[in-house]
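The values are calculated or read from the model by the stated rules, or taken from the named source; none is laboratory data. Just so it is clear, the model here is predicted, and its values are computed rather than measured. Using ideal geometry, Cβ is built from the backbone for each residue, glycine included, and neighbour counts are taken over all protein chains shown. Each accessible area value is taken on the protein alone, full model and side chains, heavy atoms only, with ligands, DNA and RNA left out. Shrake-Rupley method; radii C 1.70, N 1.55, O 1.52, S 1.80 Å.
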Amino acid sequence: MEDNLSFRTELGSKHIDVSLDLPELDLEHESNLVLDIFPNECTFTAAPYHARIPLPHPAQPGKAFPENIDYEKSTVTFRVPLEVKPIADAELPSFPYGFCRFYSGPLSLDTSQEFKVLPNPNECSFSKRWELKEAAEQDDFYGEHYGMDYIQFSIDKLGLNMDSFPTPSKLTDEQSYRIGVIVEEKARQTETYTSIEDHRTVLLSLIDILLAVAYDQLTNSNEINEANSHINIHRISATLAYFVEFDGVEQMLRSFYRRSCTYPFYRSKEIALACVKRVVSRLSSEDRNEWMKQQLIHTYEAFKRTECAVLNHYFVKDFIRYVELALDKETLQQCLKDIDKALPDTHRAGLGFGEEKLLQKLLQDIMGQEESDSTDSDDYESTEEEDTDIDNESVGTDAETNPNENVLEKLMNLKLSG
């Protein structure tokens, strides 16, 4: 083979054009027109030619096929891509996440885990995470579900006992042991927690999680429901779902209300209100630390055998250590006062989903149907002396031609189970 073929290279912004003169080849029938690319050179082999062609710029290794063939001049042009330099880690945008922004880099997930909500928090700024959260809530809000739960709650409180929060109790020996182990894991890093300066941001995230736990407990009879407790807590808490931080109490409460009316099985602002009052009450008590640790251990247990287990590492265990080692009671009390002030307006305000119009339409449908039913009843009474068979036929015909079922009856008979 010859190593004396004529070639030309032309450097472009993203590639190198390599042109080969191949007069000895039948280009119309030659199938072996391949350029092997190496970082600083490329090679071409097709009998009787063989050539090593130096490149004017580092190239991306691989193979190139003809970009253009000039049959009259027996010239073949290949396009060689320039080297794609990996961006150094320091140049990649990387954002902290988790408890008090302690963590960075990709989430440490087992290969069997699939974290669906935000699997790459390190790639999203805090503002981007908030934007993704709000957009997801807008997409996921299901007006019909919310509206039916609204009406059903007015009828029978969705079958829930709104006073069924667990009575205060002491930690069990097993819970105390587990907490001790968790704290001991970072025994040499206690200063990491005791030196925290921005307690307010940490506490707003903690309260957000405690609210989600309260919602799950109220709707699951204070037991861990292996089917949905981890889902409830994860989805309702924006801290756990989107690794967000809150600018203030109002933002945290609004987020809790929106997510409470979007993700759990029972969706009600009244349940959210009861949860907020419960959490504020317990955090105002003398045994607040013990209660918080109970709720966090409840969360730890709900998560530990699910795809949410990773959140125990990035949030739950750190919050347990924080409550044990560094809780700022003064800042907590100020947060609770701010919640008391903001709660009435938050509860009255719309969720931002246009749900008010939906509820108005539902109520109008119900009222209209009630009037229709009342009219039908009066008509029936005025003709009750007519033949029974004719009455039955008439009623049956009316039911068949009525395009709307009795909305109130449907809602009254609605059976919801956890």
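When the solvent-accessible surface of protein heavy atoms is calculated with a 1.4 angstrom probe, in what order do 307, 134, 72 fall, highest first?
Largest accessible area first, the residues go 72, 307, 134.
First check a/c for segment 237-356, with a ≥ b ≥ c the square roots of the eigenvalues of its C-alpha gyration tensor; if it is under 1.5, answer rounded, and if not, answer prolate when a/b is larger than b/c or oblate otherwise.
Verdict is oblate for segment 237-356.
Suppose all protein chains stay in the model; what accessible area per residue would a 1.4 Å probe give for segment 121-358, in Å²?
Here the per-residue accessible area is 43 Å².
Just to confirm my numbers, what's the Cα centroid distance between segment 65-85 and segment 193-213 in Å?
Here the answer is 61 Å between Cα centres.
If I model a spin label at residue 14 and residue 194 as a point 7 Å from the Cα along the Cα→Cβ vector, what separation in nanometres do I get?
Result: 5.7 nm between the two label points.
So how far, in whole Å, is the C-alpha centre of segment 295-360 from the one of segment 147-175?
Cα centroid to Cα centroid, the span is 17 Å.
For 155, 271, give me the order by solvent-accessible area with a 1.4 Å probe, most accessible first, ignoring ligands, DNA and RNA.
155, 271
Give me the percent of the accessible area of segment 6-84 that comes from carbon and sulfur atoms, probe 1.4 Å, all protein chains in place.
48
Can you compute 3J(HN,Hα) from phi for each residue in segment 222-239, using the Karplus curve 6.51 cos²θ - 1.76 cosθ + 1.60 with θ = phi - 60°, rounded to whole Hz and x for Gly and Pro?
For segment 222-239, the Karplus-derived couplings read 6, 10, 6, 8, 4, 7, 9, 4, 5, 5, 4, 5, 5, 6, 6, 7, 5, 4 Hz, x marking Gly and Pro.
What spacing in nm lies between the two simple spin-label points modelled at residue 349 and residue 6, each 7 Å away from Cα in the Cβ direction?
7.7
Please give every one of the lysines within straight-line cross-link reach of residue 361, meaning a C-alpha to C-alpha distance under 24 Å, and leave out same-chain neighbours fewer than 8 residues apart.
Hits, sequence-local ones excluded: 157, 269, 410, 415.
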